[in-house]
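Taking it in order: structure first as structure tokens, then the write-up.
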Amino acid sequence: MYVMGKREFLSLFKGVKSFIVIVILLLTSYYSAKFANVLMSGIELSAKEAENIHTVGLLGLILLLGQLFVAGLSHDTMNREIHERTMRFLVTRTSRTSILFGKFFGIWLFWFSCLAISFILISIFAERIDFFIFSQVLSLVTYQICLTILLSVLISKPGFTMFLGIVVGLIFPIFGFWVVFTKNVWVSWMKFMTPFYYLEREDYTFLVIFILAGIMLVIANLIFNRREC
């Protein structure tokens, strides 16, 4: 699992797409933190909101485009190996569970590193690191990673997961916010399956997002262990 995770982690730092995503994250973090005081001067904010204003840009970016970024880099993390027949070689050297969890760990560590650097950059202007918001953002990204892995296990063609990743990345935030705020009783129950409902609350219920992510990862593992490679 460690070897697989290291391989996935290092591979994510290669390529133009990864470079673009990292640059977008860092630029958003830098400029949103740098000009946070300008935003504060034109808007009336509570003490709590003013305290967290430096992280608004990064949090908004991950909320709206995080799924698109994660899917763009890792949509084929599982089905690419199957499509290129390299999975047959991998399963002879380690268990399928180790492969899947290793890939998850590598992807998760990549995003943890990106977010940690972004928050350190923000702390230069904020003069503090808000570990509560960092944990919230990390929980959201963890959910997005597990959803991407699940789709990559369910769909065998990398080309289709690339297309689906774009569609889901654009629609999922809109749908997620809609089910959170809608009064329609037929669909409002779905808010408990999305991370946005738990991020809306200002307490530690966001930890439920990690549980939802874990459930998706377990389902992906069960499906993967029954698939032909």
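Laboratory data are not the source of any read-out in this text; all were calculated from the coordinates shown. Nothing here was measured: the structure is a model prediction, and the numbers come from that model. A quick note on method: Cβ atoms are made from the backbone with ideal geometry, for glycine too, and the neighbour counts reach across all protein chains shown.
Apply the a/c threshold of 1.5 to the C-alpha gyration tensor of the chain and tell me whether it is rounded, prolate or oblate. Cα axes put the chain in the prolate bin.
Relative to the current alpha-carbon distance between LEU27 and ARG128, full extension at 0.36 nm per residue lengthens the span by 34.5 nm. The long axis of helix 207-225 is offset from the longest Cα principal axis of the chain by roughly 10 degrees.
May I ask which residue of VAL91, PHE104, LEU217 lies farthest towards the positive end of the charge dipole of the stretch 2-225, with charges of +1 (Lys, Arg) and -1 (Asp, Glu) on Cβ and the Cα centre as origin? It is VAL91, whose Cα lies furthest towards the positive end. Within 10 Å, at most 12 other Cβ atoms, and a DSSP state outside H, G, I, E, B define an exposed site. Report the longest part of the chain free of exposed trypsin sites (Lys or Arg not before Pro). Longest run free of exposed loop sites: 15-84. Contact order for the chain, expressed relative to its length and based on alpha carbon pairs under 8 Å spaced 6+ residues apart, stands at 28 percent. Here the dipole of the chain is about 1020 debye; that uses its Cα centre as origin and unit charges on the Cβ of Lys and Arg (positive) and Asp and Glu (negative). For the stretch 157-229, the set of GluC sites (Glu not before Pro) satisfying both a DSSP loop assignment and a count of at most 16 other C-beta atoms within 10 Å is given as GLU202, GLU228. If exposed chymotrypsin sites (Phe, Trp or Tyr not before Pro) are those in a DSSP loop with at most 14 other Cβ within 10 Å, what is the longest stretch of the chain that has none? That would be 36-185. Ellipticity at 222 nm from helices only: DSSP H runs of n ≥ 4 in the chain, each -39500 (n - 2.57), divided by the residue count, give -25000 deg cm²/dmol. Net charge dipole, the stretch 85-200: roughly 660 debye, given to the nearest 20, about the Cα centre with Cβ charges of +1 for Lys and Arg and -1 for Asp and Glu.
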